[in-house]
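The block underneath contains the structure these notes are about, expressed in structure tokens.
The values are calculated or read from the model by the stated rules, or taken from the named source; none is laboratory data. Everything quoted here is computed from the prediction, not taken from an experiment. Methodologically, a virtual Cβ is constructed for each residue, glycine included, from the backbone with ideal geometry; neighbour enumeration extends over all protein chains shown. Protein only, heavy atoms only, side chains kept; ligands, DNA and RNA dropped before computing areas. Shrake-Rupley method; radii C 1.70, N 1.55, O 1.52, S 1.80 Å.
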Amino acid sequence: AKEAGRDRMVLFDDELREKQLAVARTVERLRGALTRGEFVVYYQPLIRLDDERIAGFEALIRWQPAGEPMVPPDRFIGLAEDSGLIVPIGAWILRESCRVAAGWHRRHATVISVNVSPRQLREPDFGLLVLDVLRTSGLPPEALILEITEGVLVNSGLVTEQAISHLAMLRSHGVKVAIDDFGTGYSSLAYLRDLPIDHVKIDRSFMPAQDAPDPTAGVLIKAIIDLAAGLRLGTIAEGVETRAQVDLLRELGCVRAQGFYFSRPVPESDAARLLHEASTT
Ligand code: C2E
Ligand code: CA
Ligand code: CA
Ligand code: CA
């Protein structure tokens, strides 16, 4: 028995080592990906629920290593955060998506929503970076939404001052801030009132399933929309996949929606086509 135990231990060590090596290799490839130009931005429309027109887009990063399948963000954002690479990668996607969005904004008055990781907000010059991106792209500050998660602002009950001061400074210039994946964290609701935010993005786990005629479906989503509206915050529902969900959200007073029902995230040229088609019909 002792022998077998030791064998298992060895096996476990090997597996662990394999995993660590795989992670190290991915981080190495990730390190060169920016200079090799392997990142691509996809855009997913944000739809106004009153007239169902395009209000803007969320920028979502993709990694396309040469000759390999595209890597979804869930497979590398975590590694990029742990290794600090999210700082240059995040700066790149901000610059690239604001450049593209400035062109769309001039003709269609659309906004762009960009994900910002907690790690980026810990950088002392994050605020200056955003101001510089706005200046060089020509995008008006009001047309930029920064998406952050609850954990950025409230960490084990403590408000993180660096993040707050960046966001407060940027909001004084007109930039908007959205809480992403709202409702999935564990912080108190009071912070919605006290922190520098403009919009709440309701996590898709709150979207009632179409095939569940459950009388409690929609209770949580209604509570969130009412709470946000009462605090004069905008609401964006994520993961909208059916017509029934769109109708429910409009009835509940949700302002915007985003999801496969309207469009998957698409490359820049397809997003431009969606905008053009919408403006000529
Ligand atoms: P997220 O910010 O919550 O982005 C929404 C995700 O939901 C996207 O996945 C999008 O493709 C997916 N989605 C949109 N509509 C639907 C729908 O109707 N149904 C379903 N099932 N899914 C839908 P994606 O693009 O794979 O991104 C995953 C996550 O990776 C994002 O979640 C975000 O946390 C992170 N991420 C993506 N791009 C960036 C980035 O540039 N910077 C940072 N820091 N994180 C990013
Ligand atoms: Ca997001
Ligand atoms: Ca989200
Ligand atoms: Ca999410």
Inset, instruction - Might you report the magnitude of the Cβ-based charge dipole of segment 125-242 about its Cα centre, with Lys and Arg at +1 and Asp and Glu at -1, to the nearest 20 debye? - result: 360
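How large is the dipole of segment 198-281 about the Cα centre if only Lys and Arg carry +1 and Asp and Glu carry -1, each at its Cβ, rounded to the nearest 20 debye?
160
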Inset, instruction - Relative to the longest principal axis of the C-alpha atoms of the chain, give the angle of the C-alpha long axis of helix 268-279, reported between 0 and 90° and rounded to the nearest 10°. - result: 20
Inset, instruction - Find the eigenvalues of the gyration tensor of the Cα atoms of segment 123-257, then list the square roots of 5 times those eigenvalues as equivalent ellipsoid semi-axes, largest first, in whole angstrom. - result: 30, 17, 12
Inset, instruction - State the percentage of accessible surface on the chain attributable to carbon and sulfur atoms; use a 1.4 Å probe and exclude ligands, DNA and RNA. - result: 54
Inset, instruction - Provide Rg and Dmax in Å for the chain, with only Cα atoms included in the calculation. - result: 20.8, 75
Legend entry - R0 of 22 Å, Cβ-Cβ distance Ala209-Thr184: FRET efficiency to nearest 0.05: 0.80
Legend entry - Nonlocal amide H pairs with Leu46, under 5 Å, H built at 1.01 Å: Ala55, Gly56, Phe57, Glu58
Inset, instruction - Provide the solvent-accessible area of Phe76, counting protein heavy atoms only and rolling a 1.4 Å probe, rounded to the nearest 10 Å². - result: 0
Inset, instruction - Can you tell me the 0 to 90 degree angle between the C-alpha axis of helix 126-137 and the longest principal axis of the chain, rounded to 10? - result: 60
Inset, instruction - In nm, give the distance between the simple-model label positions of Arg31 and Asp198, each being 7 Å from the Cα along the Cα-to-Cβ direction. - result: 3.8
Legend entry - Global size of segment 1-121 as Cα Rg and Dmax, reported in angstrom: 20.2, 74
Inset, instruction - Note down the nm distance, to one decimal, between modelled labels 7 Å out along Cα→Cβ at Met169 and at Thr242. - result: 4.7
Legend entry - Positive dipole terminus of the chain, leading residue within Ser113, Leu16, Gly174 (C-beta point charges): Gly174
Inset, instruction - Over the chain, average the accessible area per residue using a 1.4 Å probe and give it in Å², no decimals. - result: 53
Legend entry - With Cα atoms, 0 to 90° folded angle of helix 161-172 axis to the chain main axis: 30
Inset, instruction - Taking amide H positions as placed in the peptide plane 1.01 Å from N, state which residues far from Thr160 in sequence (5 or more) or on other chains have amide H under 5 Å from it. - result: Val154, Asn155
Legend entry - Exposure rule at most 15 other beta-carbon atoms within 10 Å, DSSP loop GluC sites (Glu not before Pro): the chain longest free segment: 53-240
Inset, instruction - Give the long-range amide H neighbours of Asn115: residues separated by 5 or more places, or on another chain, with amide H under 5 Å away, using H modelled in the peptide plane at 1.01 Å from N. - result: Ala59, Glu147
